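Below: the structure, in structure tokens.
Each value in this text was obtained by applying a stated rule to the coordinates, not by laboratory testing. This one's a predicted model, so the numbers in the text were calculated from it and none came from an experiment. Quick reminder, even Gly has a Cβ in these numbers, built from the backbone with ideal geometry, and neighbours come from all protein chains shown.
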Amino acid sequence: MHPRPHYFHCDDLQRFPEIGENRSDLAKKFFDWYAAVFAEGALSVREKSLIALAVAHAVQCPYCIEAYSKEALQQGADLDQMTEAVHVAAAIRGGSSLVHGVQMRNHVERLGM
Amino acid sequence: MGRRTLPSLAARESPLSSPATQLARLRAVPIDREFPEALARAEHWPLRPSRLEILQINVGKVCNQTCRHCHVDAGPDRTESMSRETMEHCLRALAGTEIRTVDLTGGAPELNPHFRWLVEQLRSLGLHVMDRCNLTVLETAPHRSLVEFLAHHRVEVVASLPSVRALGTDRQRGEGVFEASIAALKRLNAVGYGDGGSGLRLVLVTNPVGAFLPGNQASLQAEWKRELFRLHGIRFDALYTLANLPISRFLEWLEGSGNLESYLQHLVQAFNPATVSGLMCRNTLSVGWDGRLYDCDFNQMLELGLQSSIGHIARFDVAALENREIRVARHCFGCTAGAGSSCGGAVT
């Protein structure tokens, strides 16, 4: 492997299938399952792309953000909908931190006077 | 992201106003295979017409808008407009055929001074007439009575609206277009368009606002019906999703935004053999403002005339046109990508 200055390279997204060059049986299970997850179902493909976009921001995966920004547009979502999806992710992340404040309060209640 | 609409390529004397330059720019992009090869793999080469069902008449390039994706390079600064004499040639041609549908396009077809006369003549022949309407023209002072005129003559209105929100609509079509479009749709609804039972059919057409293909037509239609009614109380009958072909002003935008290569390559990769049998060039004939004939409106704008001795509507001969080969080039990948794209929306 040649030395590279960054951990993240946008070209690497296209190379995702290379993960199947070893243990292709596991990769096949993953990619088949992945395709089934994103198929039209009780949720539309567009709704799933917006959920994926939100999750991509929650897990802060640049590959996923690129892939699902494109996919959401391709599925007919617009920038207002995509921005709302990102706010949902941000709200859950922020709320998740804040709600743990109850644990803090429990500890303080137990230890304090 | 630039949001300004500019004058037409022709008015700016842009090199891209030349069809030859447009075709050369497309040829310069590295792609995996040419369109004839893709058709051959789908066992459709050479591409030939099926039964001629629709005459699409482009009555001119004059428009009150200058949309950033326009494949016609239409605008207020254009002057090309079909004459009454050429329209009479169209009417004579139609009277002798089995064609039942006439698709009027432009520019804004309503800005042709003979538009109302042409519609009356076509309807008197008992033909189904479609008007490809930009909506805002219906809100301009001299043309507000068109709403009642179109309803009276039971013309199908096929109206452009890229988004259910102002953001995407105005970016593609110009500042204030969304608001005027909503006002026009409400007036069309008021006279019975989009009612379902009235027989006054109102179709909306959406083109992507950017370098990507349209979403699933059925899914978007359901969402648009819900959202346009919830937000504005507007009803319509169907939504057509159309891809943007990489020519004219959309080509200019693709080049300027650095998206040309990836967009064309995406169209090539997304070639769908199942779209070929339903391509509009197979059942539609396109007439230019000057009466010249083409396989489609896109070939018309690229000045790729019919491969036939019948080059003008004045010499129209349906039998002689049946066995021609349809002219194709790289822009054709825009109609065969994904679910396909035609004047009637998705193909598959």
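Using all Cα-Cα distances in segment A:1-98, what percent lands in each 5 angstrom bin from 0 up to the longest?
Cα pair-distance distribution for segment A:1-98, in percent: 2, 12, 17, 19, 19, 15, 10, 5, 1, 0.
Hey, any idea what Rg/Rh is for segment B:215-257, computing Rh the Kirkwood way over Cα pairs?
1.18
How big is the charge dipole of chain A about its Cα centre, in debye rounded to the nearest 20, if each Lys and Arg gets +1 on its Cβ and each Asp and Glu gets -1 on its Cβ?
Details: 11 positive and 14 negative charges, 95 e Å.
Dipole of chain A, to the nearest 20 debye: 460 debye.
Sketch the reach of a paramagnetic label on B:Glu261 as a point 7 Å from Cα along Cα-to-Cβ, and name the residues of segment A:1-40 whose backbone nitrogen lies under 14 Å away.
Answer for segment A:1-40: A:11.
Given charges of +1 on the Cβ of Lys and Arg and -1 on the Cβ of Asp and Glu, with all other atoms neutral, how large is the dipole of chain B about its Cα centre, in debye to the nearest 20?
That gives chain B a dipole magnitude of about 480 debye.
So what's the projected area for the protein assembly as shown, the Cα convex hull averaged over all directions, in nm²?
29.7 nm²
May I ask which of B:Lys61/B:Lys186; A:Lys48/B:Lys186; A:Lys48/A:Lys70 have a Cα-Cα span longer than 25 Å here?
Over 25 Å Cα-Cα: B:Lys61/B:Lys186; A:Lys48/B:Lys186.
Are there any helices in chain B, counted as whole DSSP H runs, that stretch 15 Å or more along their axis by Cα and score at least 0.0 on average by Kyte-Doolittle, and if so which?
B:177-190
Treating the angle as unsigned and between 0 and 90°, give the value, to the nearest 10°, between the Cα long axis of helix A:101-111 and the longest Cα principal axis of chain A.
In chain A, helix A:101-111 runs at an angle near 40 degrees to the longest axis.
Tilt of helix A:45-58 relative to the longest C-alpha principal axis of chain A, in degrees (0 to 90, nearest 10)?
Orientation of helix A:45-58: about 60 degrees from the principal axis.
Hey, what angle do you get for helix A:24-37 against the long axis of chain A, alpha-carbon based, 0 to 90 degrees rounded to 10?
The angle comes out near 70 degrees.
With unit charges on the beta carbon (Lys/Arg positive, Asp/Glu negative), name the residue among B:Ser219, B:Cys281, B:Val328 whose Cα is farthest towards the positive pole of the charge dipole of the protein assembly as shown.
B:Ser219
In which sequence would B:Met87, A:Met82 go, from the one with the fewest C-beta neighbours within 10 Å to the one with the most?
A:Met82, B:Met87
Kindly provide the helix-only [θ] at 222 nm of chain B, computed as the sum of -39,500 (n - 2.57) over DSSP H runs of four or more divided by all residues, to the nearest 500 deg cm²/dmol?
On the way: 14 runs with 119 residues, N = 348.
It lands at -9500 deg cm²/dmol.
Suppose we keep just the alpha-carbon trace of segment B:207-341; what are its Rg and Dmax in angstrom?
Taking only Cα atoms of segment B:207-341, I get Rg and Dmax of 17.4, 53 Å.
To the nearest 20 debye, what is the magnitude of the charge dipole of the protein assembly as shown about its Cα centre, counting +1 on the Cβ of each Lys and Arg and -1 on the Cβ of each Asp and Glu?
Dipole of the protein assembly as shown, to the nearest 20 debye: 540 debye.
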